[in-house]
1. Is it true that some residue in region 56-73 is at pLDDT below 95 and surrounded by 15 or more Cβ atoms within 10 Å (Cβ to Cβ)?
2. Could you grab me the full set of residues in region 40-54 that are open to solvent by 20 Å² or more (accessible area, probe 1.4 Å) and either more than 21 Å from residue 103 (Cβ to Cβ) or in contact with a strand residue (DSSP E or B) (Cβ under 7 Å, 6 or more places away or on another chain) (or both)?
3. Part of a strand (DSSP E or B) and basic (Lys, Arg) - does that describe any residue in region 60-73?
4. How many residues are in a strand (DSSP E or B) and surrounded by fewer than 18 Cβ atoms within 10 Å (Cβ to Cβ) when one looks only at region 7-20?
Amino acid sequence: QVTFVESGGGLVQPGGSLRLSCEAHNDIFGTGIMGWYRQAPGKQRELVAIITSSGNTNYGDSVKGRFTISRDNGENTVDLQMNNLKPEDTAVYYCYKLKTGRAYWGQGTQVTVSS
């Protein structure tokens, strides 16, 4: 069972930046797809960004050009740098891993963008 330690959420003003970090445990380093999804109140969980073990990335349309995902296979971590944050980015952000056809989820970290 893969587990995660997520950090970096919090309250930030519009236009500000935050960096989320996620470390996977009980896992084989450098395997599978890792990334972040988010869920706002009353909405479905949606893709933020994912990254393969070789570094290929995919971003949700609403975050392209503002967020950057990175991965350290040696540390089994995935980070999300979020810039120019908007109130509509407010959500619980979940670390994610997909390997051998199974999805694993973190417990989530709250990001609130408000003045």
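1. No; the residues of region 56-73 include none that is at pLDDT below 95 and surrounded by 15 or more Cβ atoms within 10 Å (Cβ to Cβ).
2. Result: 40, 41, 42, 45, 46, 47, 50, 52.
3. The answer is yes, given that some residue of region 60-73 is part of a strand (DSSP E or B) and basic (Lys, Arg).
4. Filtering region 7-20 for residues in a strand (DSSP E or B) gives 7, 10-12, 18-20.
Adding the requirement that they be surrounded by fewer than 18 Cβ atoms within 10 Å (Cβ to Cβ) leaves 7, 10-11, 19.
Selection size over region 7-20: 4.
Yes or no, residue by residue, for (1) part of a strand (DSSP E or B); (2) touching a residue at least 60 places away in the same chain (Cβ under 8 Å); (3) touching a Gly at 6+ places or on another chain (Cβ under 9 Å):
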| residue | (1), (2), (3) |
| --- | --- |
| 35 | yes, yes, no |
| 42 | no, no, no |
| 48 | yes, no, yes |
| 53 | no, no, yes |
| 79 | yes, yes, yes |
| 84 | no, yes, yes |
| 103 | yes, no, no |
| 110 | yes, yes, yes |
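The values are calculated or read from the model by the stated rules, or taken from the named source; none is laboratory data. Quick caveat: nothing in here was measured; it's all calculated off a predicted structure. All Cβ positions, glycine included, derive from the backbone under ideal geometry; neighbour counts span all protein chains shown. For accessibility, only protein heavy atoms count, side chains too; no ligands or nucleic acids. Shrake-Rupley method; radii C 1.70, N 1.55, O 1.52, S 1.80 Å.
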